[in-house]
Amino acid sequence: MWWPRGWEAVGVAYQPSPLIAGPSLPPLSRPQLAEARRVRAVELFEDGVSNADIARAVGVCAESVRRWRRMWEQGGASALRRRAATGRPPKLDDTQVETVRAALEQGAQAHGFEADLWTLERVGAVVTRATGVVLSRASVWRLLTSRLGWSLQRPERRAVERNESEIARWIAHEWPRIKKGP
C-alpha cells in the first residue's frame, strides 16, 4: 500500500490498519493501486464498516469513500472497476507502428536524408510515407518515446581538426608547466 513519504523522517512509524493488513503483494502501478483500494472498500462496505473507518483503512479522504459507496449502491462492485482510458484513439495501430519501426531501423540515409541522423521532422516524413498518416511533432515524439521505446540521443560535437595525440601531449607537458607558473 502506498503511503506518503516522510513518515519515518518525523519519527512516526506507519502501522497498516487491521482492516487492510494481509500478505504482502508485489508493487502495484498507480491505476492498479487505486483499483485495489476501491475493491478493498467494497469488501468493507459489504462487512458494514463505516465510511470514516474505510477512509482511514485504505488511505483516502472520506468524500472519496462516500462517492464510491454511492457508485457501489447504484451499480455494484463492477461500477468501481477500472475502465479503459478515454480520449482519442491513437492514429497509428500496432501494425502501422511496427511498419514505422522497421522503416526507422533502416536508418535515415536509406530514406534519402544526407546524414544518418533522425529528427522529429524526418521521422514524421517517414511515418507519412510508410503509413499515409500525418503526425504533429508532439505526436511523433510520443510515438518514438512511448510506443517505440526510443530515447533522445544527441551526437557528440567535435571539431574535424581535433588531434587527440596533440591534446594528450599538451596536457602531459605544457599544462603542468603553465600551472606551475613563473
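The values are calculated or read from the model by the stated rules, or taken from the named source; none is laboratory data. All values reported here derive from a predicted model rather than from experimental measurement. Ideal geometry is used to build each Cβ from the backbone, glycine not excepted, and the neighbour counts take in all protein chains shown. Heavy atoms of the whole protein, side chains included, go into the accessibility calculation; ligands, DNA and RNA do not. Shrake-Rupley method; radii C 1.70, N 1.55, O 1.52, S 1.80 Å.
Here is how the numbers come out for the structure above:
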read-out: Value of relative contact order over the chain, rounded to a whole percent, pairs C-alpha under 8 Å and six or more apart; value: 12
read-out: Computed FRET value (nearest 0.05) for L148 with R30, which takes r as the C-beta separation and R₀ as 25 Å; value: 0.60
read-out: Sulfur and carbon atoms: percent of accessible area, the stretch 116-179 [1.4 Å]; value: 55
read-out: Rule-of-thumb Rg ratio for the chain [Cα; 2.2 N^0.38 Å; N residues]; value: 1.81
read-out: Probe 1.4 Å, all protein chains present, accessible-area order of H111, H173, largest first; value: H173, H111
read-out: Phi to ³J(HN,Hα) by Karplus 6.51 cos²θ - 1.76 cosθ + 1.60 over the stretch 73-79, Hz, x for Gly, Pro; value: 5, 7, x, x, 4, 5, 5
read-out: Cα-centred dipole magnitude for the chain, charges only on beta-carbon of K, R (+1) and D, E (-1), debye, nearest 20; value: 480
read-out: Average accessible area per residue (Å²) across the chain - probe 1.4 Å, nucleic acids and ligands excluded; value: 75
read-out: Accessible-area composition of the stretch 44-102, carbon plus sulfur, in percent [1.4 Å probe]; value: 48
